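First comes the structure, then the notes that go with it.
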Amino acid sequence: MLEPVRQSYRENRPLRWTRVHDLPDFVYFNHSIHVSKGIGCDSCHGRVGDMPLMWKASSLYMEWCLDCHRHPERLIRPRDQVFNADYQPGESQETLGPRLVREYGINVGQLTNCSVCHR
C-alpha cells in the first residue's frame with residue numbers, strides 16, 4: 001500500500017492523487033470556516049487515520065450538508081479538538097453543542113441561505 005509513496009520518493013516524482021471528495025463547481029466550500037467554528041475533520045471525512053485507503057465517509061450531497069447546517073449543535077466541538085479524531089465530549093453533546101453555537105456566534109438561521117454555499 002505504501003509502495004507508491006516509496007516509489008515517488010525514490011524517483012523524485014510527485015504522487016498522483018485521486019480525488020475522493022469532488023464537489024460541483026457551483027458549490028463554494030471553505031475548510032477554514034468549518035474549522036474555526038468547531039466542526040471536526042472526521043465529522044465529514046470519517047476516521048481517515050483508520051482507513052487503509054481513503055473512501056467517502058459521507059455523501060456530501062446537499063441534503064447531508066443542510067442537515068448539519070440546520071443542527072450544528074450535534075457535531076460542534078471545542079476548537080482545540082477539531083483535529084482530534086479520538087475526541088469525546090467531556091459533557092453531554094446536548095449541553096455542549098448549544099453552548100458552543102452561542103459562544104462561536106453561529107447564526108443557524110443564516111446557514112441555510114443558498115448564498116452561503118452557492119456563489
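The values are calculated or read from the model by the stated rules, or taken from the named source; none is laboratory data. Bear in mind that the values here come from a model prediction, so they are computed numbers and not experimental data. All Cβ positions, even for glycine, are placed from backbone atoms using ideal geometry, and neighbour counts span all protein chains on display.
Which is over 21 Å from Arg119 (Cα atoms), in a loop (DSSP other than H, G, I, E, B) and hydroxyl-bearing (Ser, Thr, Tyr), of Tyr87, Tyr9?
Details: Tyr9 fails: in a loop (DSSP other than H, G, I, E, B).
When all the criteria are applied, what remains is Tyr87.
Of the residues making up region 12-35, those that are β-branched (Val, Ile, Thr) and in a loop (DSSP other than H, G, I, E, B) are Thr18, Val20.
How many residues does region 38-70 hold that are in a helix (DSSP H, G or I), more than 27 Å from Met1 (Cα to Cα) and out of contact with any Leu (no Cβ under 9 Å at 6 or more places or on another chain)?
So the first thing to find is which residues in region 38-70 are in a helix (DSSP H, G or I), and the list is 41-45, 48-50, 62-70.
From what is left, the residues that are more than 27 Å from Met1 (Cα to Cα) are 62-70.
Of the ones still in play, those that are also out of contact with any Leu (no Cβ under 9 Å at 6 or more places or on another chain) are 62-65, 67.
The qualifying residues number 5.
Contact annotation: residue pairs with Cβ atoms under 9 Å, 6 or more positions apart or on different chains, pairing a residue in region 104-119 that is within 15 Å of Pro72 (Cα to Cα) with a partner that is among the small types (Gly, Ala, Ser), are Tyr104/Ser36; Tyr104/Gly38; Ile106/Gly38. Within region 6-21, being within 24 Å of Asp42 (Cβ to Cβ) and either surrounded by fewer than 10 Cβ atoms within 10 Å (Cβ to Cβ) or modelled with pLDDT of 95 or more (or both) holds for Trp17, Thr18, Arg19.
Of these, Val5, Val27, Val20, Val48, which one is more than 25 Å from Glu94 (Cα to Cα), among the aliphatic types (A, V, I, L, M) and touching a strand residue (DSSP E or B) at 6+ places or on another chain (Cβ under 8 Å)?
Working: Val5 fails: touching a strand residue (DSSP E or B) at 6+ places or on another chain (Cβ under 8 Å); Val20 fails: touching a strand residue (DSSP E or B) at 6+ places or on another chain (Cβ under 8 Å); Val48 fails: touching a strand residue (DSSP E or B) at 6+ places or on another chain (Cβ under 8 Å).
Only one candidate qualifies: Val27.
Being within 11 Å of Pro72 (Cα to Cα) and either hydroxyl-bearing (Ser, Thr, Tyr) or under 17 Å from the mean Cα position of the chain (by Cα) (or both) is the filter here; which residues of region 88-99 pass it? Passing the criteria: only Gly97. Checked against (1) loosely packed, with under 11 Cβ neighbours inside 10 Å; (2) among the polar types (S, T, N, Q); (3) touching a residue at least 24 places away in the same chain (Cβ under 8 Å), Ser32 passes all but condition (3). The lone criterion from (1) small (Gly, Ala, Ser); (2) in contact with a Phe, Trp or Tyr (Cβ under 7 Å, 6 or more places away or on another chain); (3) surrounded by 16 or more Cβ atoms within 10 Å (Cβ to Cβ) left unmet by Ser58 is number (3).
Looking across region 103-117, the residues that are in a helix (DSSP H, G or I) and either surrounded by 10 or more Cβ atoms within 10 Å (Cβ to Cβ) or in contact with a Phe, Trp or Tyr (Cβ under 8 Å, 6 or more places away or on another chain) (or both) come down to Glu103, Val108, Gln110, Val116.
Kindly check whether there is at least one residue in region 31-52 that is within 23 Å of Trp17 (Cβ to Cβ), modelled with pLDDT of 95 or more and aliphatic (A, V, I, L, M). So far as region 31-52 goes, yes, one or more of its residues are within 23 Å of Trp17 (Cβ to Cβ), modelled with pLDDT of 95 or more and aliphatic (A, V, I, L, M).
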